[in-house]
Amino acid sequence: MFARGETILQLMERLAPKHYAVPDDKIGLQVGSVAKEVRRVLVTLDVTPAVIEEAAALGTELIIAHHAVIYRPLAHLRTDTPAGALAASLLRNDIAVYISHTNLDTAEGGINDWMADALELTGRNVLEEVHTDKLYKLVMFVPESHHEAVRTAVFNAGAGWIGNYSHCSFNTEGIGTFLPRDGSEPFIGKQGQMTQAKEIRVETIVPDSAKKKVISAMLKAHPYEEVAYDLYGMDLKGKSFGLGRVGKLPAAESLDQFADRVKKAFQVPFVRMVGDGDKQVRKVAVLGGAGARYVRHAIFAGADVLVTGDIDFHSAQDALAAGLTIIDPGHHAEKIMKPNVAYWLSEQLKNKGYATEVFASKVETEPFQLR
């Protein structure tokens, strides 16, 4: 059995929810339709004519890309232009394109975490906050007989986290009252009779990202026909998600040594370096893509070095003057997403019993060459 396209996109949005994207980012389904079974998926950084040829040769119905196919508004769709010809080729081969961009950058376990993993960074924090999970207080009333079952269900669904502590709740014993009316099928008591039941009031924390899943789990595990519960918005700040990561190397090393580490980690033939090669670096800020505007963020975070792409002349000068070193492996270092997304999605589909195959593109889309 092959997964339908809609199912695959739902899985991708579990990895990188759309609301994690920065405002006005061009994400989501951009070309074609996913209202069909998908036998093969191709994961790529960019969609180019060579990538489309690769996808067609594989028999791919869906491409998942990081960079948008349609980024700027189209005034027309002429097939004698590069953009028009690309769209025509995709439609001719019946290949849909789904974009996961800054939401994949921001996501926990997304591009910036993969880059930080490749550099062996520990004790990581977000470089720039993009999204903070709103917190809710869930109060539910459960009969004693099902207290543990219901509480375990909501914990497993994502409730009960406070910082690094899980399974957090407050539990109070009490008496619940209710009068089952005509048409009811009460778990406790009888129709038309006033009923009292020993219940436990359970209070716990629920992040917005897990709210639907937690409520669904609670309703499924709860024995009552009509479940009594309250959900309150809270002013407390939840978990932060954002662009870039800041962490520490296992041990300090020279900038020259670190440059070699970056080349190996991101499989690039060269890097551009700003700073003294003998300088010792330990605290590292890393951000996939173009990160010139994050120089100040890295300085504020106390980083010794910033790893990012597309650094311009003046940003390099500003960093050098502020004592921040930079390693620029190029925008294309984000290609680390290809094998990682392909593996993650493949495992998700396999665990759900689907035969859909997922491939990482082998086409090199780096536009620059070193002479």
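The values are calculated or read from the model by the stated rules, or taken from the named source; none is laboratory data. Being a predicted model, the structure only gives us computed values, none of them experimental. Using ideal geometry, Cβ is built from the backbone for each residue, glycine included, and neighbour counts are taken over all protein chains shown.
Filtered by the rule that a residue be charged (D, E, K, R), out of contact with any Leu (no Cβ under 9 Å at 6 or more places or on another chain) and surrounded by fewer than 18 Cβ atoms within 10 Å (Cβ to Cβ), segment 185-217 gives Glu185, Lys190, Lys198, Arg201, Lys212, Lys213.
Annotation note: of Phe266, Phe187, Phe241, Phe258, the sole residue that is modelled with pLDDT under 95, under 25 Å from Ala301 (Cα atoms) and among the aromatic types (Phe, Trp, Tyr) is Phe241.
Per-residue answers, yes or no, for (1) under 26 Å from Gly242 (Cα atoms); (2) out of contact with any His (no Cβ under 9 Å at 6 or more places or on another chain):
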{"site": "Glu6", "(1), (2)": "no, yes"}
{"site": "Leu15", "(1), (2)": "yes, yes"}
{"site": "Gly28", "(1), (2)": "yes, yes"}
{"site": "Lys36", "(1), (2)": "no, yes"}
{"site": "Leu45", "(1), (2)": "yes, no"}
{"site": "Ala50", "(1), (2)": "no, yes"}
{"site": "Ile63", "(1), (2)": "yes, yes"}
{"site": "Ala68", "(1), (2)": "yes, no"}
{"site": "Pro73", "(1), (2)": "no, yes"}
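In this structure, Val268 does not satisfy being out of contact with any Pro (no Cβ under 7 Å at 6 or more places or on another chain) and either in contact (Cβ under 8 Å) with a residue 12 or more places away in the chain or under 19 Å from Leu119 (Cα atoms) (or both).
The listed residues are Ala285, Ala221, and the only one of them that is touching a residue at least 60 places away in the same chain (Cβ under 8 Å) and in contact with a strand residue (DSSP E or B) (Cβ under 7 Å, 6 or more places away or on another chain) turns out to be Ala285.
In the set Val38, Val43, only one residue is surrounded by 16 or more Cβ atoms within 10 Å (Cβ to Cβ), under 21 Å from the mean Cα position of the chain (by Cα), of a type outside the set (Ser, Thr, Tyr) and closer than 15 Å to Ile63 by Cβ; that residue is Val43. From the list Ile95, Ile99, the lone residue that is within 21 Å of Ser346 (Cβ to Cβ) and in contact with a Lys or Arg (Cβ under 9 Å, 6 or more places away or on another chain) is Ile99. Within segment 270-325, the set of residues being part of a helix (DSSP H, G or I) and in contact with a Ser or Thr (Cβ under 7 Å, 6 or more places away or on another chain) comprises Ala292, Tyr294, Val295. Of everything in segment 159-173 that is without any contact (Cβ under 8 Å) to a residue 12 or more places away in the chain and either of a type in the set (S, T, N, Q) or in contact with a Cys (Cβ under 6 Å, 6 or more places away or on another chain) (or both), the residue that is surrounded by the most Cβ atoms within 10 Å (Cβ to Cβ) is Ser166. Residues in segment 139-158 that are in contact with a Pro (Cβ under 8 Å, 6 or more places away or on another chain) and more than 11 Å from Val202 (Cα to Cα) were compared, and the one that is surrounded by the fewest Cβ atoms within 10 Å (Cβ to Cβ) is Ser145. Quick check on this structure: which one of Asp256, Asp182 is over 30 Å from His167 (Cα atoms), more than 36 Å from the chain's Cα centre (by Cα) and acidic (Asp, Glu)? Step by step, each of Asp256, Asp182 is checked, and only Asp182 is over 30 Å from His167 (Cα atoms), more than 36 Å from the chain's Cα centre (by Cα) and acidic (Asp, Glu).
Would you call Val268 touching a His at 6+ places or on another chain (Cβ under 8 Å) and surrounded by fewer than 21 Cβ atoms within 10 Å (Cβ to Cβ)? For Val268, the condition - touching a His at 6+ places or on another chain (Cβ under 8 Å) and surrounded by fewer than 21 Cβ atoms within 10 Å (Cβ to Cβ) - is met. Within segment 245-269, track down each residue that is outside any helix (DSSP H, G or I) and more than 16 Å from Glu120 (Cα to Cα). Val268, Pro269, listed by residue number. The number of residues in segment 87-112 being buried (at least 20 other Cβ atoms within 10 Å of the Cβ) and touching a helix residue (DSSP H, G or I) at 6+ places or on another chain (Cβ under 9 Å) comes to 15.
Within the span defined as segment 111-131, every residue fails to be within 22 Å of Gly32 (Cβ to Cβ) and touching a Gly at 6+ places or on another chain (Cβ under 7 Å).
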